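K.L.:
Please see the structure below; I have some questions.
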Amino acid sequence: MLVKDITDILEEFAPLQEQERWDNAGLCVGSPCDEVHAVLVGFDCTPQLVREAIARGADMIVTHHPLIFNGLKHIAPDDPVGAAVYLAIRHGIAVYAAHTNADKAPGGVNALMAARLGLVDPEPLDESRLGFIGLLPEPMTGEAFCRYVKECFSLQVLRCSAPVEEVSRVATSCGAGSGFAELAFGAGADAFVTGDVSYHHFFVPEGRMILDIGHFESEKDIVEKFVSLLQEKLPTFAVCTTTQENNNPIYYF
């Protein structure tokens, strides 16, 4: 098996050319012609994840977030990104990411968010497919909706603007999606569910509310999606999920 055989499967699901211009999805470390005997799938390519790949004999890592996102001035083990790159190269491990192309793919991150909320007939907010909008199975109060969202995403806590009287139409955008708030409310959403919401984005139009469930929490389902895609296409090949059940860098107390 070659790296290209793995990336072809992932890119059939989430074509690389669909990524946003500012993104760096694709093969971050390694060659398409490298041999692969086992793949480890995770959310972020941390030094810990690379060490797990080494321990488990995986010579390819697939993640959602790209390992190399901004320019690197040096590669050294005293920096988390540098350490992961350094370890991957030393141990011959290819590293691949499907990011915004996976966010917008049919059945991708945004579609998985809408599915968790049970939205009826969800459709893209715009041509970017980086946000979806649909109806709840039944209307509920804003406070009940907050409880519902916490249950749907298994949250300890969420941040939100003042709960509204009734929520029926809901928009979602994974990751740092607060920039889609105006578009979501303009499309008639009573509530907008996303992550990484800054202070000023909580000032929303009357009768609307915004909920911040967290960046990791809004996107984590993509890991199992990648695993199921690869296992379906390669049923006898070694594809494993990281044992790090929660590698969210944010902790709640």
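The values are calculated or read from the model by the stated rules, or taken from the named source; none is laboratory data. All of these numbers come straight from a predicted model, not from anything done at the bench. Note that each Cβ is placed from the backbone with ideal geometry, even for glycine, and that neighbours are counted across all protein chains shown.
K.L.:
Could you tell me which numbered condition A162 fails, if it satisfies all but one of (1) in a loop (DSSP other than H, G, I, E, B); (2) surrounded by fewer than 17 Cβ atoms within 10 Å (Cβ to Cβ); (3) under 19 Å from the mean Cα position of the chain (by Cα)?
P.N.:
Going through the list (1) in a loop (DSSP other than H, G, I, E, B); (2) surrounded by fewer than 17 Cβ atoms within 10 Å (Cβ to Cβ); (3) under 19 Å from the mean Cα position of the chain (by Cα), A162 breaks only (3).
K.L.:
Also: Quick one: which of A84, A88, A58, A53 is of a type outside the set (D, E) and in a loop (DSSP other than H, G, I, E, B)? Steps first, please.
P.N.:
Details: A84 fails: in a loop (DSSP other than H, G, I, E, B); A88 fails: in a loop (DSSP other than H, G, I, E, B); A53 fails: in a loop (DSSP other than H, G, I, E, B).
The conditions single out A58.
K.L.:
Part of a loop (DSSP other than H, G, I, E, B) and aromatic (F, W, Y), is that true of F253? Spell out how you get there, then give the answer.
P.N.:
Details: part of a loop (DSSP other than H, G, I, E, B): yes; aromatic (F, W, Y): yes.
When the stated conditions are applied, F253 passes them.
K.L.:
Can you find even one residue in region 34-57 that is modelled with pLDDT of 95 or more and among the aromatic types (F, W, Y)?
P.N.:
Yes: one or more hits.
K.L.:
For region 35-49, what are the residues that are charged (D, E, K, R) and surrounded by fewer than 18 Cβ atoms within 10 Å (Cβ to Cβ)? Working first, answer last.
P.N.:
Of the residues in region 35-49, the ones charged (D, E, K, R) are 35, 44.
Residue satisfying the conditions is E35 alone.
K.L.:
Within the bounds of region 76-87, is there any residue that is in the same structural domain as L230 (by TED's automatic domain parsing), under 15 Å from L229 (Cβ atoms) and not polar (S, T, N, Q)? Break it down stepwise before answering.
P.N.:
Our first condition is that a residue be in the same structural domain as L230 (by TED's automatic domain parsing); within region 76-87, this holds for 76-87.
Then drop every residue that is not under 15 Å from L229 (Cβ atoms), which leaves none.
No, that holds for no residue.
K.L.:
Just name the residue that is farthest from P106 (Cα to Cα) out of those in region 165-191 that are more than 17 Å from the chain's Cα centre (by Cα) and assigned to a strand (DSSP E or B). Quick ask: steps written out before the conclusion?
P.N.:
Of region 165-191, the ones more than 17 Å from the chain's Cα centre (by Cα) are 165-170, 181-191.
Next, only the ones that are assigned to a strand (DSSP E or B) stay: 167-170, 191.
Values: V167: 26, S168: 24, R169: 21, V170: 19, A191: 23 Å.
Looking at residues that are more than 17 Å from the chain's Cα centre (by Cα) and assigned to a strand (DSSP E or B), I get V167.
K.L.:
Also: Within region 5-31, can you find the residues that are touching a strand residue (DSSP E or B) at 6+ places or on another chain (Cβ under 9 Å), within 19 Å of A238 (Cβ to Cβ) and not aliphatic (A, V, I, L, M)?
P.N.:
Within region 5-31, T7, G30 qualify.
K.L.:
Restricting to region 192-239, name every residue that is part of a strand (DSSP E or B) and in contact (Cβ under 8 Å) with a residue 24 or more places away in the chain. Spell out how you get there, then give the answer.
P.N.:
Just the residues of region 192-239 that are part of a strand (DSSP E or B), to begin with: 192-194, 209-212, 238-239.
Result: V193, T194, M209, I210, L211, D212, A238, V239.
K.L.:
Here is a follow-up. For region 29-50, which residues satisfy the criterion of being within 17 Å of the chain's Cα centre (by Cα) and assigned to a loop (DSSP other than H, G, I, E, B)?
P.N.:
Once the filter is applied, which keeps residues that are within 17 Å of the chain's Cα centre (by Cα) and assigned to a loop (DSSP other than H, G, I, E, B), region 29-50 yields G42, F43, D44, C45, T46.
K.L.:
Whether any residue in region 93-100 is under 16 Å from the mean Cα position of the chain (by Cα) and part of a loop (DSSP other than H, G, I, E, B) is what I want to check.
P.N.:
There is at least one residue in region 93-100 that is under 16 Å from the mean Cα position of the chain (by Cα) and part of a loop (DSSP other than H, G, I, E, B).
K.L.:
Can you tell me which residue among R116, R56 is in contact (Cβ under 8 Å) with a residue 24 or more places away in the chain, in contact with a Leu (Cβ under 7 Å, 6 or more places away or on another chain) and surrounded by fewer than 23 Cβ atoms within 10 Å (Cβ to Cβ)?
P.N.:
On the way: R116 fails: in contact with a Leu (Cβ under 7 Å, 6 or more places away or on another chain).
Criteria check complete, one pass: R56.
K.L.:
Of V95, V85, V157, V149, which residue is in contact (Cβ under 8 Å) with a residue 40 or more places away in the chain, of a type in the set (A, V, I, L, M, F, W, C) and surrounded by fewer than 15 Cβ atoms within 10 Å (Cβ to Cβ)?
P.N.:
Working: V95 fails: surrounded by fewer than 15 Cβ atoms within 10 Å (Cβ to Cβ); V85 fails: surrounded by fewer than 15 Cβ atoms within 10 Å (Cβ to Cβ); V149 fails: surrounded by fewer than 15 Cβ atoms within 10 Å (Cβ to Cβ).
After applying the criteria, what remains is V157.
K.L.:
Continuing with this model, one more query. Output the residues belonging to region 61-76 that are in contact (Cβ under 8 Å) with a residue 40 or more places away in the chain, in a loop (DSSP other than H, G, I, E, B) and either in contact with a strand residue (DSSP E or B) (Cβ under 6 Å, 6 or more places away or on another chain) or buried (at least 20 other Cβ atoms within 10 Å of the Cβ) (or both).
P.N.:
H64, P66, I68
K.L.:
Same structure, new question: May I ask you to list the residues in region 125-136 that are out of contact with any helix residue (DSSP H, G or I) (no Cβ under 7 Å at 6 or more places or on another chain) and either buried (at least 18 other Cβ atoms within 10 Å of the Cβ) or modelled with pLDDT under 95 (or both)? Explain how you work it out, then say what you get.
P.N.:
From region 125-136, those out of contact with any helix residue (DSSP H, G or I) (no Cβ under 7 Å at 6 or more places or on another chain) are 127, 135-136; that's our starting set.
Those that are out of contact with any helix residue (DSSP H, G or I) (no Cβ under 7 Å at 6 or more places or on another chain) and either buried (at least 18 other Cβ atoms within 10 Å of the Cβ) or modelled with pLDDT under 95 (or both): E127, L136.
K.L.:
Those residues that are in contact with a helix residue (DSSP H, G or I) (Cβ under 6 Å, 6 or more places away or on another chain) and assigned to a loop (DSSP other than H, G, I, E, B), I need them from region 16-28; list them, please.
P.N.:
Of everything in region 16-28, those that are in contact with a helix residue (DSSP H, G or I) (Cβ under 6 Å, 6 or more places away or on another chain) and assigned to a loop (DSSP other than H, G, I, E, B) turn out to be Q19, E20, D23, A25.
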